[in-house]
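The values are calculated or read from the model by the stated rules, or taken from the named source; none is laboratory data. Keep in mind it's a predicted model, so treat the numbers as computed, not measured. Counting neighbours? That spans all protein chains shown, and the Cβs are built from the backbone with ideal geometry, glycine included.
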Amino acid sequence: MKDNLYTLGYAIAIGTICAGLLTAAAEFSAPFREANQRADEMRNILAVLEIPFEPRASAEELTAVFDQQVRQETKGAMDAYFLVGEDPQAKPELVAVNVVGRGLWGPIRGFVSLEPDWDTIRQVAFHDHNETPGLGAEISQASFLDQFRGKRLTDDDGKPALQVVASGAEGPWQVDGLSGATITCDRVGDLMRDLARKIQEVRE
Amino acid sequence: MSTAPLDPAATAEGCGGCGKGFCDGKGRAIFKETSWTSNPVAVQTLGICPALAVTTRLENSLVMGAAMIFVCVGSTFMLSLLRHTTPRRIRLIASVAIIATFVILIDQFLQAFYWEMSRQLGPYVGLIITNCVVLGRAEAFAMQNKPQLAFVDALAAGIGFTTILAIVGFFRELLGEGTLLGYVVLHPDWYTKNLVMVLAPGAFVVMGFLIALFNWVQQKDVQGS
């Protein structure tokens, strides 16, 4: 009996001490973690909007640049980020939208910046994915992403048209895929066509 | 495969053979035994999972190793302190609770201050909780020995683990990406990156050679003495 009580008491004591420690640690680190997460997103939005920033900038510095130059709006199913620049009255010259889609192992999240026609792509960035390192994960490499510049989301009839093809990409609606990452590349194509549909919905 | 019991006669030369000091003269022998003779990864083949998963870059290997050293030293020291008061029936669950606490502490620390690194290591920092090296040292050593000795033993296990990870990370980053700690060593103009090294098979190959090397060297040691 005494033994059991001791065991129970010991378990409660260990549990309480560990839980207390972890709660304190989580409370302490929560603001830092949230800031990191937000900074990560902001870094990607600023990058696709081609706003220069210090690569090693802290979360506060990034927020300052972000708040000064970017205006955020919700457009249908998308978060839109307008590049407002120095003059808040001027028409935005570039808009970034968030994209999310299925990848091979998990969701792919990123941002795409578009010209004011909401169709021609300026830049693409994927900041969160679980693709195979060395193969599918290469979708976040500049060599792949740079191909998207100037490509168009829809064809002349307004249908989603952008494709990631195996090789020999031609014209404004095709980009070259990555060898060894066929499924990932197909999914990136899906994601782009899905974006085209979402933009259409907002337009209608 | 497991740690041989320490022979008091063989360990007397540690700490200058005085038999006193911080670790009762056993420190050096314990350190050599745990980090080299029965190295947790290369000899006991424990902790293989992170050794294969996070060693794509040298920096990742080193941070993972540092996290491992922190958890191993902290938790086994605590467990050794509590070894007489812990009820035997809940010994294992108490060990895991304490190990988990240290793991979550370091994980939160990385997430707060080394965000990029934390994202690259992914779930593997959290998985230290189930790492056989930590629980192995806790069960096999810390439960029977004084806190100072448990400290030395855990440090040795952590350093042994880190060294292996660093060696694997060194070769994988060098051959797979042509860089070391992010600096270009093998220039892409004349060096073709070897994708196999970045992927899992590369880790198995490097690890296989490393274990073979360990066996060979230690065999020679035994024959030579």
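Filter the range B:98-139 down to the residues that are under 16 Å from the mean Cα position of the chain (by Cα) and among the hydroxyl-bearing types (Ser, Thr, Tyr) and list them by number. Within the range B:98-139, B:Tyr124, B:Thr130 qualify. Inclusion of A:Glu93 among residues that are at pLDDT below 85 and not in a helix (DSSP H, G or I) is warranted.
Apart from one condition, A:Gly158 fits all of (1) part of a loop (DSSP other than H, G, I, E, B); (2) surrounded by 17 or more Cβ atoms within 10 Å (Cβ to Cβ); the exception is (2).
Consider A:Ile183 carefully, then state whether it is modelled with pLDDT of 85 or more and touching a Phe, Trp or Tyr at 6+ places or on another chain (Cβ under 8 Å). It is false that A:Ile183 is modelled with pLDDT of 85 or more and touching a Phe, Trp or Tyr at 6+ places or on another chain (Cβ under 8 Å).
Please determine whether any residue of the range B:72-91 is within 12 Å of the chain's Cα centre (by Cα) and crowded, with 20+ Cβ neighbours inside 10 Å. Looking through the range B:72-91, at least one residue is within 12 Å of the chain's Cα centre (by Cα) and crowded, with 20+ Cβ neighbours inside 10 Å. The sole residue among A:Glu61, A:Glu50 that is assigned to a helix (DSSP H, G or I), surrounded by fewer than 17 Cβ atoms within 10 Å (Cβ to Cβ) and not polar (S, T, N, Q) is A:Glu61.
Residue-wise test of (1) touching a helix residue (DSSP H, G or I) at 6+ places or on another chain (Cβ under 7 Å); (2) surrounded by fewer than 18 Cβ atoms within 10 Å (Cβ to Cβ).
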{"site": "A:Gln123", "(1), (2)": "yes, no"}
{"site": "A:Glu138", "(1), (2)": "yes, no"}
{"site": "A:Asp186", "(1), (2)": "no, yes"}
{"site": "A:Ile199", "(1), (2)": "no, no"}
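Of all residues assigned to the range B:155-172, none qualifies as being over 21 Å from the mean Cα position of the chain (by Cα), touching a residue at least 40 places away in the same chain (Cβ under 8 Å), surrounded by 17 or more Cβ atoms within 10 Å (Cβ to Cβ) and in a helix (DSSP H, G or I). Looking at the range B:57-130, the helices (runs of 4 or more DSSP H) lying wholly inside it that each contain 3 or more residues that are farther than 26 Å from A:Pro133 by Cβ and away from chain A (no Cβ under 11 Å) sit at B:58-81.
The residue that is nearest to the other protein chains (Cβ to nearest Cβ), counting only those in the range A:12-68 that are among the β-branched types (Val, Ile, Thr) and under 18 Å from B:Ile106 (Cα atoms), is A:Ile17.
Based on what the data block shows, is A:Ala64 modelled with pLDDT under 85, within 16 Å of the chain's Cα centre (by Cα) and not basic (Lys, Arg)? No; evaluated as a whole, the condition is false for this residue.
I need the full set of residues from the range A:162-204 which are in a loop (DSSP other than H, G, I, E, B) and touching a Cys at 6+ places or on another chain (Cβ under 9 Å), in order please. Matches in the range A:162-204: A:Ala166, A:Gly177, A:Leu178.
Okay, residues lined up against (1) touching a residue at least 12 places away in the same chain (Cβ under 8 Å); (2) over 16 Å from the mean Cα position of the chain (by Cα):
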site: A:Leu22; (1), (2): no, yes
site: A:Ala26; (1), (2): no, yes
site: A:Ser29; (1), (2): no, yes
site: A:Arg38; (1), (2): yes, no
site: A:Met42; (1), (2): yes, no
site: A:Leu46; (1), (2): yes, no
site: A:Glu54; (1), (2): no, yes
site: A:Ala59; (1), (2): yes, yes
site: A:Asp79; (1), (2): yes, no
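If I filter the range A:103-112 for residues that are without any contact (Cβ under 8 Å) to a residue 60 or more places away in the chain and in a strand (DSSP E or B), do I get at least one hit? Yes, because at least one residue in the range A:103-112 is without any contact (Cβ under 8 Å) to a residue 60 or more places away in the chain and in a strand (DSSP E or B).
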